[in-house]
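Q: Before I ask anything, let me first share the structure, which is written out below as structure tokens.
The values are calculated or read from the model by the stated rules, or taken from the named source; none is laboratory data. Computed from a prediction, not measured in an experiment: that's the story for all the values here. Methodologically, a virtual Cβ is constructed for each residue, glycine included, from the backbone with ideal geometry; neighbour enumeration extends over all protein chains shown. Areas reflect the complete protein model, heavy atoms only, side chains present, ligands, DNA and RNA absent. Shrake-Rupley method; radii C 1.70, N 1.55, O 1.52, S 1.80 Å.
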Amino acid sequence: MDGPVVDTRYGPVQVEVVVAGGRISDVKALEYPNEARRSQLISEQALPLLHDEVVQLQSANIDTISGATYTSDAYAQSLQSALDSGGVVSQ
Amino acid sequence: MREVRRAEDVMGTTVSMLAHVETSDAERIEGSMDDAIAWLHEVDDRFTTYRPGSEWLRYCAGQVAAADVHPDVRHVLARVVELGSETRGAFRIDADPSRPPDPAAFVKGWAVQRAADILVGAGASAVCVNGGGDVAAWRLHGAWRVGIQDPFDRSAVRAVVDVDCGAVATSGAYERGGHVFDPRTGGPAEGLASVTVVGPDLGTADAYATAAFALGPDARAWLRTLDGYGAYIVDEQGSAEAIGLAVAC
């Protein structure tokens, strides 16, 4: 199923959440900007991170994350970013 | 029922908003998110210490009289004094001698709390606003599950707290480096890896978390005296303790 599209500073990000046997088995990027330097950041660094974290966070059924303040630049690699971009799964 | 989400770079961090809305209300909630984002930028412009010429910096430099500042500046000044007293001196806006006085440890939480209040006031049935790790959350039914980040592993959650109406703020040195100062020594705060404070108001929770982190291990005794605010502490050895707070691990 397709996750939501979230507007971020990197442009719109949409992920596909793959559910197998009632559990999330994979998270793939469907749509993300691929021209600017920022988009390279999110595609090369953040998305692999998001993949692991979305799977982990969904299994914990968490809505949001409280942590020491991250900067805007660190957002793409934060747990919150993982939730914002892939955390909504309607079964 | 629909989910509406938005993320905005403001106050040096990213604020993300999530609201549950009836489909017929979606347009109004989207509009309230525009209002909330405008409010956050207004606060950032007024209180920033990172760009010259903000009203806060002009007030600190004596270029604007107290009687002439915006009511929000007067509110923050008054609240900062109260927070100093409530934290037995541990919350200070002038703890870093190399920088101008910075009220951010209260102002960010205060601003994010009001942003959440704007969405609630517009009629959302559930609202969760996360300002760089500080959370204001409200739900008509059920509770949000708020993960507390592991200070030793940014990709992991150390504990989970359920919040139906309230705030969760975390202070730690692991993201921005040693930016919290112990007002008693003037040096970087030591002894704790992170402090999370949970309570009714995010501005207060944010300031309390910063104060507790500054106090280090001595914060435990003070945190036990708080009414309406609980805490989750992880020390530098990795041990965790909940004070006046129910958490799931």
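Q: What pairs come out if I take residues in segment B:1-27 that are touching a residue at least 12 places away in the same chain (Cβ under 8 Å) and pair them with residues that are of a type in the set (S, T, N, Q) and open to solvent by 50 Å² or more (accessible area, probe 1.4 Å) whose C-beta lies under 7 Å away, six or more apart or interchain?
A: Short answer, once both residue conditions are applied: B:Arg2/B:Thr23; B:Gly12/A:Thr71; B:Thr13/A:Thr71.
Q: In segment B:62-118, how many residues are assigned to a helix (DSSP H, G or I) and of a type in the set (Asp, Glu)?
A: Summing the residues that are assigned to a helix (DSSP H, G or I) and of a type in the set (Asp, Glu) in segment B:62-118 gives 5.
Q: Another question, then. So B:Tyr208 passes all but one of these: (1) open to solvent by 10 Å² or more (accessible area, probe 1.4 Å); (2) hydroxyl-bearing (Ser, Thr, Tyr); (3) part of a strand (DSSP E or B). Which condition number does it fail?
A: Result: B:Tyr208 fails condition (3) only.
Q: So if I check each of B:Phe213, B:Phe106, B:Phe181, which one is under 23 Å from B:Val76 (Cβ atoms) and modelled with pLDDT under 90?
A: Values: B:Phe213 fails: modelled with pLDDT under 90; B:Phe106 fails: modelled with pLDDT under 90.
Of the residues listed, the single one that is under 23 Å from B:Val76 (Cβ atoms) and modelled with pLDDT under 90 is B:Phe181.
Q: What's the number of the only condition in (1) over 18 Å from B:Asp206 (Cα atoms); (2) of a type in the set (D, E, K, R); (3) within 13 Å of another protein chain (Cβ to nearest Cβ) that B:Lys108 fails to meet?
A: The one condition B:Lys108 does not meet is (1).
Q: In addition: Restricting the search to segment B:185-206, which residues are more than 13 Å from every other protein chain (Cβ to nearest Cβ) and either aromatic (Phe, Trp, Tyr) or in contact (Cβ under 8 Å) with a residue 40 or more places away in the chain (or both)? I'd like the intermediate steps shown before the answer.
A: So in segment B:185-206, the residues more than 13 Å from every other protein chain (Cβ to nearest Cβ) come out as B:185-188, B:190-191, B:200-201, B:203-204.
Listed by number, the residues that qualify are B:Gly186, B:Glu190, B:Gly191, B:Asp201, B:Gly203, B:Thr204.
Q: Identify, from the list B:Val161, B:Val127, the residue that is in a strand (DSSP E or B), open to solvent by less than 10 Å² (accessible area, probe 1.4 Å) and more than 10 Å from chain A (Cβ to nearest Cβ).
A: On inspection, the qualifying residue turns out to be B:Val127.
Q: A further question on this structure: Could you tell me which numbered condition B:Glu55 fails, if it satisfies all but one of (1) among the charged types (D, E, K, R); (2) within 14 Å of another protein chain (Cβ to nearest Cβ); (3) open to solvent by less than 50 Å² (accessible area, probe 1.4 Å); (4) free of Cβ contacts under 8 Å to residues at least 24 places away in the same chain?
A: All conditions are met except number (2).
Q: Kindly indicate which of B:Ala169, B:Ala173 is out of contact with any Ser or Thr (no Cβ under 6 Å at 6 or more places or on another chain), closer than 18 Å to B:Ala240 by Cβ and at pLDDT 95 or above.
A: B:Ala169
Q: Counting just the residues of segment B:145-157 that are at pLDDT below 90 and crowded, with 19+ Cβ neighbours inside 10 Å, which one comes out nearest to A:Tyr75 (Cα to Cα)?
A: B:Arg154
Q: Now for a different question. Looking at B:Gly238, B:Gly187, which one is at positive phi and open to solvent by 10 Å² or more (accessible area, probe 1.4 Å)?
A: Answer to the selection: B:Gly238.
Q: If you don't mind, another one. Of (1) without any contact (Cβ under 8 Å) to a residue 60 or more places away in the chain; (2) on the phi > 0 side of the Ramachandran plot, B:Gly132 satisfies all except one. Which?
A: In the conditions (1) without any contact (Cβ under 8 Å) to a residue 60 or more places away in the chain; (2) on the phi > 0 side of the Ramachandran plot, B:Gly132 misses (1) alone.
Q: Which numbered condition trips up B:Ile37, out of (1) surrounded by 16 or more Cβ atoms within 10 Å (Cβ to Cβ); (2) at pLDDT below 95?
A: The failed condition is (2).
Q: State all residues of segment B:222-235 that are more than 14 Å from B:Thr204 (Cβ to Cβ) and either in contact with a Pro (Cβ under 9 Å, 6 or more places away or on another chain) or open to solvent by 60 Å² or more (accessible area, probe 1.4 Å) (or both); if no residue qualifies, say none.
A: Passing the criteria: B:Arg224, B:Thr225, B:Ile233, B:Val234, B:Asp235.
Q: So is B:Trp138 modelled with pLDDT of 95 or more and open to solvent by 30 Å² or more (accessible area, probe 1.4 Å) or not?
A: Considered against the rule, which asks whether it is modelled with pLDDT of 95 or more and open to solvent by 30 Å² or more (accessible area, probe 1.4 Å), B:Trp138 comes out as yes.
Q: Here's a follow-up. So which of B:Gly89, B:Gly121 ends up being open to solvent by 20 Å² or more (accessible area, probe 1.4 Å) and in contact with a Ser or Thr (Cβ under 9 Å, 6 or more places away or on another chain)?
A: The match here is B:Gly121.
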